[in-house]
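**Student:** Here it is, the structure, as structure tokens.
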Amino acid sequence: MSVANAQESVTAQWLLQQEIADFLYAEADLLDERHFREWLDLLAEDVSYFMPIRRNVKFGQQPELENTISGSGISWFDDDKWTLTKRVEQILTGVHYAEEPLSRVSHLISNVRIIRASPSAEGAQEVTAKSRFLVYQNRQEYETNIFAGKRIDVLRRAGMSWQITKREIVLDQNVLLAKNLTIFF
Amino acid sequence: MATSLEVDQLVQSERGLISRELFVNEDLFREELQKVFTRAWLFVGHESLIPNPNDFFSSRMGDESVILSRDETGQIHVFLNSCRHRGMKVCRYEQGNTSLFVCPYHSWSYKTDGRLLGVPMYKTLYEGTLNRADWSLIEVGKLVNYRGTIWATWDRNAPDFVDYLGGMKEHLDLALDCRDGRPGGSEVIGVQKWVLPANWKLGAENFLGDTYHNPSHRSVDLIGIGPSAGAGKRGRRDDQYKKATHVWVSFPAGHGVHSALQSDDNEYAESYLDHPQIEAYFRHCFEERKRRLGEKSRLLPAVGTVFPNASYLGLQPRGICVWHPNSAVSTEAWRFYLVDKDAPQEVKEFLRRYYMRYSGPGGMTEQDDIENWLYATAASSGTIARQYPFNYQQSLNVAKMNDPVPGEVSTQISEHIARAFYRRWASYLKDAPWDELLGKSGVKGHSAAV
């Protein structure tokens, strides 16, 4: 590879990373501004939205046993688009008391990195991106939760934008320290 | 310590008045731990969590950590998870297999039957003083493997579990048995643990047949999240009980259930319209159960609580929830999700998805329950609020004995079960003998008003 080609490739990586980060920030903004239906539009019809339960396991067993797995057993979420749509519909009834009145939520998304781009960074059609989240939730007067963890997203090119086809939300908690998970991650 | 007189003032069950102090007072909470949770039978786990020799599962009894273990010979034990030397937790993993529990502090080690095996520098430091046999892990007073579920009590003088259940047994069995009526045969497919800022009794009471709280779930009923929701049905559950007589039943040891008695024709009601395969499976189970149990198959489960803190949902989404007491105003909920072990894979797949969207902190139904418990607790903590009791006067003097099923039964929504639950709670607070705790003798006011 020539120097010029290598530089082009680095530039493409950079541009893609910025593009994906911008997409994720805009997505977070839809949630924080409570545009839930518009947020659903960013999810592919075949989306998998998964939050494992993290378990305390012996050293060496983490890769196999620390996190519950998608597609089997019980996790915090292992949702398809139908279920996520139901969750949005429930909030929009106005009588989902665990979200009525609505929580105040801010998603801080950081450490965005492209793990994989195919076929290549230039003209990528599918991208796997890893990031960190810090989600602040406050409801009523005093009830406050802070959720921190990692996200692994698979995004598919959709015209000028992207759609989320897979989201794994790895929350850094064992016993859930919040009474409910009524918000999206 | 609350005197007998004070307990009677807190719990005026005949009048349907229960003091808010029971839900917010830290002194009463300490007293409950000492008097209720050291005596009553408590849910610890399920045999499917420890299938092989040397398997263990970390659990809780009251506010304390315990280990459910299966020793080398296959025998099941429950121990306090605390080293006999300086108290360090000897097991800090949730589940697994080990031949020894080795304390991280000074390396005392224990076999999976609880016996103390290794004491570093034993010969030099302890020879002639320490008899290892006297320093096993502290084991519960009694334990039982009941249809696959493991229960234990610290009280060696407690009655056997089946006697403790009394008439509750028949209803608990409905939650634990296979859908086709074979006894036992369930497995745990996952456990969720989460903390909610509310008193543990609010959870326990909700499952005592508080069907009155239905309006809380209006949002899910409007949008439909049940097993036929994809086919356009509203509601959050199946339709099996649409022709049944509902029964709310209280039992003398403080347990209570909401179950349903199918009409005489006892016909299957289509309930899983989204999935023809799942529908066919549950229809098959229903018919098979009818054939196996005959007339008895008419009784079907909804919810129940085994005194004090083990609740079940016996229809779908099926599972057991334990309300572990953390403080007067904090509870750690553990929900164990159950399926028939030999159910087809596609049924298990369908059920686990239904469970997660219905139950637990991510469950669209249960979220609204928990919201209620939090703010009921918060709004009951104030100096003025505490002076006013909760109202439990619903369906006062309505329940009858043994009609149409055994126990104190109401066929309309009723708080007689909660009244009996708190009456029994009061007996524990007064250090009552086991005969009274089982409702066999000397229970003041027991038959005066149900």
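The values are calculated or read from the model by the stated rules, or taken from the named source; none is laboratory data. The shown structure was predicted, so the numbers you read here are calculated from the model rather than taken from an experiment. So basically every Cβ, Gly included, is an ideal-geometry build from the backbone, and we count neighbours across all protein chains shown.
**Student:** Working only within region B:229-242, note down all residues that are outside any helix (DSSP H, G or I) and within 13 Å of another protein chain (Cβ to nearest Cβ). Explain how you work it out, then say what you get.
**Tutor:** Filtering region B:229-242 for residues outside any helix (DSSP H, G or I) gives B:232-242.
Scanning region B:229-242 gives B:232, B:233, B:234, B:235, B:236.
**Student:** Same structure, new question: Find the residue count for region A:20-46, including only residues that are surrounded by fewer than 17 Cβ atoms within 10 Å (Cβ to Cβ), part of a loop (DSSP other than H, G, I, E, B) and touching a residue at least 60 places away in the same chain (Cβ under 8 Å).
**Tutor:** Final tally of qualifying residues: 1.
**Student:** Something else now. With A:77, A:59 as the choices, which residue is among the aromatic types (Phe, Trp, Tyr), under 20 Å from residue A:171 (Cα atoms) and more than 7 Å from chain B (Cβ to nearest Cβ)? Explain how you work it out, then say what you get.
**Tutor:** Working: A:77 fails: more than 7 Å from chain B (Cβ to nearest Cβ).
Residue meeting the stated conditions: A:59.
**Student:** Let me ask something additional. Mind telling me which of the residues B:402, B:391 ends up being assigned by TED's automatic domain parsing to the domain that holds residue B:217 and closer than 23 Å to residue B:164 by Cβ? Spell out the reasoning first.
**Tutor:** Working: B:391 fails: closer than 23 Å to residue B:164 by Cβ.
It is B:402.
**Student:** If you don't mind, another one. With B:100, B:125 as the choices, which residue is out of contact with any His (no Cβ under 6 Å at 6 or more places or on another chain), within 14 Å of chain A (Cβ to nearest Cβ) and aliphatic (A, V, I, L, M)?
**Tutor:** On the way: B:125 fails: within 14 Å of chain A (Cβ to nearest Cβ).
The match here is B:100.
**Student:** Condition test on residue B:368, is it over 21 Å from residue B:259 (Cα atoms) and either more than 9 Å from every other protein chain (Cβ to nearest Cβ) or free of Cβ contacts under 8 Å to residues at least 12 places away in the same chain (or both)? Spell out how you get there, then give the answer.
**Tutor:** Numbers: over 21 Å from residue B:259 (Cα atoms): yes; either more than 9 Å from every other protein chain (Cβ to nearest Cβ) or free of Cβ contacts under 8 Å to residues at least 12 places away in the same chain (or both): no.
Answer is no for this residue.
**Student:** Further, regarding this structure: Go through (1) within 10 Å of chain B (Cβ to nearest Cβ); (2) touching a residue at least 60 places away in the same chain (Cβ under 8 Å); (3) among the β-branched types (Val, Ile, Thr) one by one and return the number of the condition residue A:68 breaks.
**Tutor:** (2)
**Student:** Something else about it: So, of the residues in region A:159-178 that are more than 14 Å from chain B (Cβ to nearest Cβ) and exposed (fewer than 15 other Cβ atoms within 10 Å of the Cβ), which turns out to be nearest to the chain's Cα centre (by Cα)?
**Tutor:** A:172
**Student:** So which residues in region B:164-178 are out of contact with any Cys (no Cβ under 8 Å at 6 or more places or on another chain) and of a type outside the set (A, V, I, L, M), if there are any at all? Step through it out loud before you land on a result.
**Tutor:** Of the residues in region B:164-178, the ones out of contact with any Cys (no Cβ under 8 Å at 6 or more places or on another chain) are B:164-177.
Result: B:164, B:166, B:167, B:169, B:170, B:171, B:173, B:177.
**Student:** Does any residue of region B:417-431 turn out to be surrounded by fewer than 21 Cβ atoms within 10 Å (Cβ to Cβ), modelled with pLDDT of 95 or more, among the charged types (D, E, K, R) and not in a helix (DSSP H, G or I)?
**Tutor:** Initially, region B:417-431 is screened for residues surrounded by fewer than 21 Cβ atoms within 10 Å (Cβ to Cβ), giving B:430-431.
So of that shortlist, the ones also modelled with pLDDT of 95 or more come out as B:430-431.
Now drop any that are not among the charged types (D, E, K, R), which leaves B:430-431.
Those still in the list that are not in a helix (DSSP H, G or I) too: B:430-431.
Yes - at least one qualifying residue is present in region B:417-431.
**Student:** Could you check region B:62-91 and list, in sequence order, the residues that are of a type in the set (A, V, I, L, M) and buried (at least 22 other Cβ atoms within 10 Å of the Cβ)? If you could, list the steps in order and put the result at the bottom.
**Tutor:** Residues of region B:62-91 that are of a type in the set (A, V, I, L, M), as a first pass: B:66-68, B:76, B:78, B:80, B:88, B:90.
Result: B:66, B:67, B:68, B:78, B:90.
**Student:** Output yes when any residue across region B:21-41 is within 24 Å of the chain's Cα centre (by Cα), within 30 Å of residue B:342 (Cβ to Cβ) and more than 14 Å from every other protein chain (Cβ to nearest Cβ), and no when none is.
**Tutor:** yes
**Student:** Ok, one more. Among the listed residues B:261, B:293, which satisfies the condition of being out of contact with any Ser or Thr (no Cβ under 8 Å at 6 or more places or on another chain) and closer than 18 Å to residue B:170 by Cα?
**Tutor:** Working: B:261 fails: out of contact with any Ser or Thr (no Cβ under 8 Å at 6 or more places or on another chain).
Just a single option satisfies the conditions, and that option is B:293.
**Student:** Let me ask something else. Name the one entry in B:347, B:409, B:339 that is more than 30 Å from residue A:82 (Cβ to Cβ) and either in contact with a Cys (Cβ under 7 Å, 6 or more places away or on another chain) or of a type outside the set (D, E, K, R) (or both). Reasoning before the result, please.
**Tutor:** Working: B:347 fails: more than 30 Å from residue A:82 (Cβ to Cβ); B:339 fails: more than 30 Å from residue A:82 (Cβ to Cβ).
Just a single option satisfies the conditions, and that option is B:409.
**Student:** Okay, next question. Mind checking whether some residue in region A:24-39 is in contact with a strand residue (DSSP E or B) (Cβ under 6 Å, 6 or more places away or on another chain), modelled with pLDDT of 95 or more, within 11 Å of another protein chain (Cβ to nearest Cβ) and within 30 Å of residue A:94 (Cβ to Cβ)?
**Tutor:** No, there is no match, as no residue in region A:24-39 is in contact with a strand residue (DSSP E or B) (Cβ under 6 Å, 6 or more places away or on another chain), modelled with pLDDT of 95 or more, within 11 Å of another protein chain (Cβ to nearest Cβ) and within 30 Å of residue A:94 (Cβ to Cβ).
**Student:** Okay, moving on. Please work out which one of (1) without any contact (Cβ under 8 Å) to a residue 60 or more places away in the chain; (2) within 30 Å of residue B:49 (Cβ to Cβ) is the condition residue A:98 fails and give its number.
**Tutor:** (1)
**Student:** Tell me which residues, restricted to region B:194-210, are over 14 Å from the mean Cα position of the chain (by Cα) and within 14 Å of another protein chain (Cβ to nearest Cβ). First the steps, then the outcome.
**Tutor:** Restricting attention to region B:194-210, the residues satisfying the condition of being over 14 Å from the mean Cα position of the chain (by Cα) are B:194-199, B:210.
B:194, B:195, B:196, B:197, B:198, B:199 - these are the residues of region B:194-210 that are over 14 Å from the mean Cα position of the chain (by Cα) and within 14 Å of another protein chain (Cβ to nearest Cβ).
**Student:** Mind listing just one residue for me: the one in region B:27-70 that is outside any strand (DSSP E or B) and among the acidic types (Asp, Glu) and, of those, nearest to residue B:82 (Cα to Cα)? Give the steps one after another, and end with the answer.
**Tutor:** Of the residues in region B:27-70, the ones outside any strand (DSSP E or B) are B:27-41, B:47-54, B:62-63.
Within this subset, residues satisfying the condition of being among the acidic types (Asp, Glu) are B:27, B:31-32, B:47, B:63.
Values: B:27: 25, B:31: 22, B:32: 22, B:47: 22, B:63: 13 Å.
The extreme case among them is B:63.
**Student:** Would you say residue A:104 is away from chain B (no Cβ under 14 Å), closer than 30 Å to residue B:215 by Cβ and not β-branched (Val, Ile, Thr)? Outline the logic, then answer.
**Tutor:** On the way: away from chain B (no Cβ under 14 Å): yes; closer than 30 Å to residue B:215 by Cβ: yes; not β-branched (Val, Ile, Thr): yes.
It is true that residue A:104 is away from chain B (no Cβ under 14 Å), closer than 30 Å to residue B:215 by Cβ and not β-branched (Val, Ile, Thr).
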